[in-house]
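Engineer: The structure that follows is given in the form of structure tokens.
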Amino acid sequence: MIAAECGDSDACRKLVEAFLPAIGDVARSFKNSRVERLELLQEGVAGLLVAARRYDTTLNTPFWAYAAFWVRKAMQELVAELTRPVALSDRAVRELAQIRRARSEHLQMHGVEPTSDELSRATDLTRPQLEHLQATERTPRSMQEQLTDRDEATATIGDTIVDPTAEQAYQHVLDAFEIRDMRDLTQQLDERERTVIRAHYGLGQEAQTLREIGAELGLTAERARQIEAVALSKLRAALSQSAPTGGAAT
Amino acid sequence: MSSEGTALRHNALVYESKDEYLARAVPFLKAGIEAGEGAVVAHTKPGLAMMREALGPEAARVTFVDVSAAYTRPARTLAAYHEVYVEQLRKTPTLRAVADVQFGPDPDEWNLWTGYEAAFNRSFGHLPAWVLCSYDANGTPDPIIEGVWQTHPEVVADDSWNSSDRYEDPDHLLRRITPAPAPLTGLRPIPFGRSVEELREQLARELAADKIGEAQSLDLLLAATEIANNAMQHGGGIQEVRVGRARGRFVCEIVDRGDGFDDPAAGYLAPRAGVGAGLWVARQLTWSTEFFHSPTGFTTRIWL
């Protein structure tokens, strides 16, 4: 035990062999987690070795009584990591799409799965970045699975995950942002204000001068400029709402 | 700077299980509701379902916010929470909130979100709110948990409220973890005219030439308007404008003639009396906005 604590690899191997059945018992308690048994065992072994490093032999606590906590904790963390709902940032989604694209290109070109190093080179992502991002795709639970086993719960796993498996996930997310932003911002404007802004800055059409826009609307260029100024002020106000004075502390 | 406007209480709860989360969050909110305070729960959909059930009839008096896709960029997340809190503070004089924090899987982003938590202290410092940020200890990497103690003056862990002796001044922390902007090669100077309107027209041409979508173009035009107005009002005018592509994004740099400023939370301060909203607006509309001194002058770099 002391040799294992000190990092003696042979002692560690013997320790693992001795406690593998006990680790297997703990892993069985996670059988409903849908994480593969081998992965659970690997994490359990890692937990056992943490316990070995921390175990205080002078306290006379039975080793397994102490180590079981670390083994279970390591498995719990793995299950949590692999099955918890993940809220991906749009950057993460973009990088996942990049990984997927690189993998697909590699498969097409070479007919075999790329290694992590090859993916890392192709995407400019570091190995740890790559592994963390790929871990988010390993969620093994059904997308339609209810999140609790109570009848009244309505949310499913699928409801909580920004789907990183869609081929165009990144573009989809960006589109969603764009659509939302555009809708949110321009909803603050009336039709004439929208027309002026879009025409003046060439948003989805050829850009026009204020004089040209004014002529089309039957207005002077100066009036078109005023309409634009009001529109920009409205958009700014929509983005900079402050707390009510009465509610804020003085 | 952390004590600037001390209305806010910004604490954290590190929980090991759903039971522990509920045992802390539910009484915390119910005590506020009984005292006439507003109540907000921010969580993923399953978390909200769990809280609704645990709160029982009191759930009707709580605002529930789905944060499944809220943690995209710190400025946007701050703005989203700000909108919710402002709305609540129109109804009640004070509020309590329990907000479950969602970090992404990329370690490179963890500092960004720790910075977000630090900025939160200054951003919402003026709001009469008690916000309990909750962190699921299972599966949350150690550096993030360490950041919790650095960014919240009090943390609930191991069944007790603990004053954090690792709490760090938000400005100090933001300076420590924010990398200095590196010079970007490949940006080209563009004419910027004599007014903000002429600058917008020029930028619009650049955006169209780069095939940037309508919504993003409008975002950049609005953000650049704010920065340009700042440069003209406080920075002695515009010295140079550069645009181009870097790391796959459209970038616009506006250099002014002034001395600039040195505030790591610039643009993260929610609008309030005495605080200009221009940089707040610019940050919301862009992927990232950096302020720094460069050889050509005080520079604002906008990443679209």
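The values are calculated or read from the model by the stated rules, or taken from the named source; none is laboratory data. Since the structure is predicted, the reported quantities are computational estimates derived from the model, not experimental observations. We place every Cβ from the backbone using ideal geometry, glycine too, and count neighbours over all the protein chains shown.
Engineer: Let me spell it out: the conditions are (1) closer than 15 Å to B:Pro181 by Cα; (2) without any contact (Cβ under 8 Å) to a residue 24 or more places away in the chain, and B:Glu253 meets all of them except one. Which number is the exception?
Structural biologist: Checking B:Glu253 against (1) closer than 15 Å to B:Pro181 by Cα; (2) without any contact (Cβ under 8 Å) to a residue 24 or more places away in the chain, the one that fails is (2).
Engineer: Something else: Under 7 Å between Cβ atoms, which residue pairs at least 6 apart in sequence (or on different chains) link something in region B:206-227 that is touching a residue at least 40 places away in the same chain (Cβ under 8 Å) with a partner that is part of a helix (DSSP H, G or I) and polar (S, T, N, Q)?
Structural biologist: Taking only residues 6 or more apart or on different chains, the pairs are B:Leu207/B:Ser217.
Engineer: What number of residues in region B:267-304 are among the hydroxyl-bearing types (Ser, Thr, Tyr) and more than 14 Å from the chain's Cα centre (by Cα)?
Structural biologist: Residues of region B:267-304 among the hydroxyl-bearing types (Ser, Thr, Tyr): B:268, B:286, B:288-289, B:294, B:296, B:299-300.
Subsequent filtering for residues that are more than 14 Å from the chain's Cα centre (by Cα) retains B:294, B:296, B:299-300.
Looking only at that region, the number is 4.
Engineer: Taking the condition out of contact with any helix residue (DSSP H, G or I) (no Cβ under 9 Å at 6 or more places or on another chain), within 12 Å of chain A (Cβ to nearest Cβ) and more than 21 Å from B:Gly147 (Cα to Cα), does B:Ala31 pass? Don't jump to the end; show me each part of the working.
Structural biologist: Working: out of contact with any helix residue (DSSP H, G or I) (no Cβ under 9 Å at 6 or more places or on another chain): yes; within 12 Å of chain A (Cβ to nearest Cβ): no; more than 21 Å from B:Gly147 (Cα to Cα): yes.
Criteria not met by B:Ala31.
Engineer: Which of the residues belonging to region B:234-263 are part of a loop (DSSP other than H, G, I, E, B) and either buried (at least 21 other Cβ atoms within 10 Å of the Cβ) or not assigned by TED's automatic domain parsing to the domain that holds B:Gly276 (or both)?
Structural biologist: Pass one, region B:234-263, residues part of a loop (DSSP other than H, G, I, E, B): B:235-237, B:247-248, B:257-263.
Once the filter is applied, which keeps residues that are part of a loop (DSSP other than H, G, I, E, B) and either buried (at least 21 other Cβ atoms within 10 Å of the Cβ) or not assigned by TED's automatic domain parsing to the domain that holds B:Gly276 (or both), region B:234-263 yields only B:Gly235.
Engineer: Out of the residues in region B:186-217 that are at pLDDT 90 or above and among the β-branched types (Val, Ile, Thr), which is surrounded by the fewest Cβ atoms within 10 Å (Cβ to Cβ)?
Structural biologist: This residue is B:Ile190.
Engineer: How many of the residues making up region B:126-165 are outside any helix (DSSP H, G or I), under 21 Å from B:Ile177 (Cα atoms) and within 14 Å of chain A (Cβ to nearest Cβ)?
Structural biologist: 3
Engineer: Which members of region B:11-28 meet the condition of being within 11 Å of chain A (Cβ to nearest Cβ) and not in a helix (DSSP H, G or I)? Write out each step before concluding.
Structural biologist: Taking region B:11-28 and keeping what is within 11 Å of chain A (Cβ to nearest Cβ), we get B:16-18.
B:Glu16, B:Ser17 - these are the residues of region B:11-28 that are within 11 Å of chain A (Cβ to nearest Cβ) and not in a helix (DSSP H, G or I).
Each row is one residue, and each column tells you yes or no for (1) within 24 Å of B:Ile144 (Cα to Cα); (2) in contact (Cβ under 8 Å) with a residue 60 or more places away in the chain; (3) within 7 Å of chain A (Cβ to nearest Cβ); (4) aliphatic (A, V, I, L, M).
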site: B:Gly38; (1), (2), (3), (4): no, no, no, no
site: B:Arg61; (1), (2), (3), (4): no, no, no, no
site: B:Val65; (1), (2), (3), (4): yes, no, no, yes
site: B:Leu78; (1), (2), (3), (4): yes, yes, no, yes
site: B:Pro93; (1), (2), (3), (4): no, no, yes, no
site: B:Asn111; (1), (2), (3), (4): yes, yes, no, no
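Engineer: If you don't mind, another one. What are the residues in region A:218-229 that are loosely packed, with under 15 Cβ neighbours inside 10 Å, within 23 Å of A:Gln188 (Cβ to Cβ) and of a type in the set (A, V, I, L, M, F, W, C), if any?
Structural biologist: A:Ala229
Engineer: Taking region B:89-113 on its own, how many of its residues are of a type outside the set (A, V, I, L, M, F, W, C), crowded, with 23+ Cβ neighbours inside 10 Å and either at pLDDT 95 or above or in a helix (DSSP H, G or I) (or both)?
Structural biologist: Within region B:89-113, residues that are of a type outside the set (A, V, I, L, M, F, W, C), crowded, with 23+ Cβ neighbours inside 10 Å and either at pLDDT 95 or above or in a helix (DSSP H, G or I) (or both) number 1.
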